[in-house]
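Please read the structure below before turning to the comments.
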Amino acid sequence: MRKHYIDNIRCLIILLLIPYHAAQAFNTWGELNYFLFRPDKVISSFIVFCSPFYMPVMFLLAGVSTRYALKKRSYGQFIAERVKRLIIPFVFGTLVFCPVMAYIGDKTNCGYDGGFFAHYRIFFTKWTDLSGFDGGFGVGQFWFLYFLFVISVAGIGIIALSKRIFKKEGAGNMPFWALCLFVIPLPFLYDLLVVGGKSFAEYLYVYLIGYYVLSNDDVLEKTEKFRFVSLAAGLFAGIADVYMFIWSGKDFGAVNTVAKAFTEWFMILALIGIGKHMMDRSGKVADYFAQRSFLIFSIHFLWIVLFQYWLSGLVGNNTFLAYLLPVLCAYPVTIVCSETAYRIPLLSFLMGAKPKADSGR
């Protein structure tokens with residue numbers, strides 16, 4: 001039986017990437033971006049609230065999906081499918097979309113005044129932090145794909161080993177309070193196996209929780225039953241996290257890290273519970289976006305950067321328009337480009353579009 005809530009939550013997260021990535025141009029903590037506007041605390045608060053759980057829930061859903069995928073695929077077939085769905089779009093996106101964003105980053109952050117095609121040499125020879133914000137080689141949003149591939153391979157190794165050691169695997173009849181305790185290791189994982197500011201250890205942890213725990217129907221029923229408890233805890237922790245990091249003007253150190261961890265875990269539980277309760281169904285709109293979600297993921301950031309660059313002279317110092325207009329322009333153009341790519345088999349394959357038969361897995 002297909003788990004439609006998996007695709008629907010994933011699609012919702014991907015569609016919200018447009019306002020999320022657009023907001024990064026207004027950050028107040030001095031982080032570079034392909035294009036920067038005047039820092040804004042309100043917009044930055046949106047980033048800080050979402051960032052603890054935004055991508056972790058994607059890795060957790062991938063872990064849940066792995067449980068169902070391995071029921072009909074061997075380990076070798078699963079890895080081959082991961083190469084097709086992750087590595088090929090990673091390489092394609094890095095080579096096709098990232099040089100354009102890095103070119104804008106070099107012009108706005110480093111004063112590059114050369115031509116676009118001449119900048120390709122800089123992109124492939126300047127290696128710094130893999131962000132591309134300074135014009136050097138970067139992977140943009142495609143970091144998620146190579147992270148997920150590495151974690152999928154590592155996860156398969158752990159899963160295969162655990163099956164040899166333990167006769168029975170899975171969460172069983174776990175009470176909700178025990179489910180809450182999975183938050184405890186998170187603060188200790190944030191600084192482990194970090195690449196490009198992101199932790200392999202954190203994402204592997206939530207991936208394995210997805211596989212072993214939140215793929216269990218009994219556990220899912222508990223997340224659904226206590227969804228509003230999780231939401232209240234997540235919102236409280238998230239607001240505290242935002243206040244400490246953005247508005248207080250002080251460094252709360254470990255307390256801020258703990259608030260981030262609580263935001264991450266309880267918002268994940270809330271999203272899973274609410275998604276299971278309200279979004280575990282199919283429909284024309286849901287099926288449409290499920291089949292094109294990877295295309296939207298691949299294309300959206302390029303259009304955000306381009307519209308921010310093109311419209312910057314028009315909006316001037318109006319922060320509201322500087323944020324809103326690129327978002328409003330990026331949505332329809334991204335959808336049109338995704339639909340076009342979906343109808344071209346080669347592009348659809350290179351960008352990791354999901355075949356209709358795989359929807360919900």
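Read the figures in this text as sums done on the coordinates, not as results from a lab. All of these numbers come straight from a predicted model, not from anything done at the bench. Methodologically, a virtual Cβ is constructed for each residue, glycine included, from the backbone with ideal geometry; neighbour enumeration extends over all protein chains shown.
Sequence-ordered 3J(HN,Hα) estimates for region 219-226 from the Karplus curve with 6.51, -1.76 and 1.60 and θ = phi - 60° stand at 5, 4, 4, 6, 5, 5, 5, 9 Hz, glycine and proline given as x.
Normalised by the empirical 2.2 N^0.38 Å for globular proteins, what value does the Cα Rg of the chain take?
Working: Rg = 20.4 Å, N = 361, 2.2 N^0.38 = 20.6 Å.
For the chain, the normalised Cα radius of gyration comes out at 0.99.
Taken about its Cα centre, region 230-346 carries a charge dipole of about 200 debye when Lys and Arg each add +1 at the Cβ and Asp and Glu each add -1 at the Cβ.
Charging the Cβ of each Asp and Glu at -1 and of each Lys and Arg at +1, and nothing else, the dipole of region 59-217 about its Cα centre rounds to 860 debye. Each of residue 288 and residue 173 was given a label point 7 Å from its Cα along the Cα-to-Cβ line. The distance between the two points is 4.5 nm. Taking 15 Å as the cut-off, the amide N atoms of region 31-55 that come nearer than this to a point 7 Å along the Cα-to-beta-carbon line of residue 319 belong to 36-48.
Given 0.36 nm per residue, what is the gain on full extension from residue 109 to residue 339 after removing their alpha carbon distance, in nm? Don't skip to the answer; put the middle values down first.
Numbers: separation 230, 0.36 × 230 = 82.80 nm, distance 3.27 nm.
Extra length from residue 109 to residue 339 when fully extended: 79.5 nm.
A simple spin-label model places the labels of residue 80 and residue 346 2.4 nm from each other, with each point 7 Å out along Cα-to-Cβ. Projecting label points 7 angstrom from Cα along Cα→Cβ for residue 195 and residue 278 puts them 3.6 nm apart. If R0 is taken as 25 Å, the Cβ-Cβ distance between residue 181 and residue 146 corresponds to a FRET efficiency of 0.25. Here the Karplus relation 6.51 cos²θ - 1.76 cosθ + 1.60, evaluated at θ = phi - 60°, turns the backbone of region 276-285 into coupling constants of 5, 7, 10, 10, 8, 8, 9, x, 4, 5 Hz, with x for every Gly and Pro.
Sites counted here are chymotrypsin sites (Phe, Trp or Tyr not before Pro) in a DSSP loop (not H, G, I, E or B) having no more than 16 other Cβ atoms within 10 Å; the longest part of the chain that contains none of them is 253-361. Across region 321-326, coupling constants 3J(HN,Hα) worked out from phi with the 6.51/-1.76/1.60 Karplus curve, θ = phi - 60°, read 6, 4, 8, 6, 4, x Hz, and Gly and Pro carry x. A cut-off of 5 Å between modelled amide H atoms, ignoring neighbours fewer than 5 places along the same chain, links residue 126 with 137.
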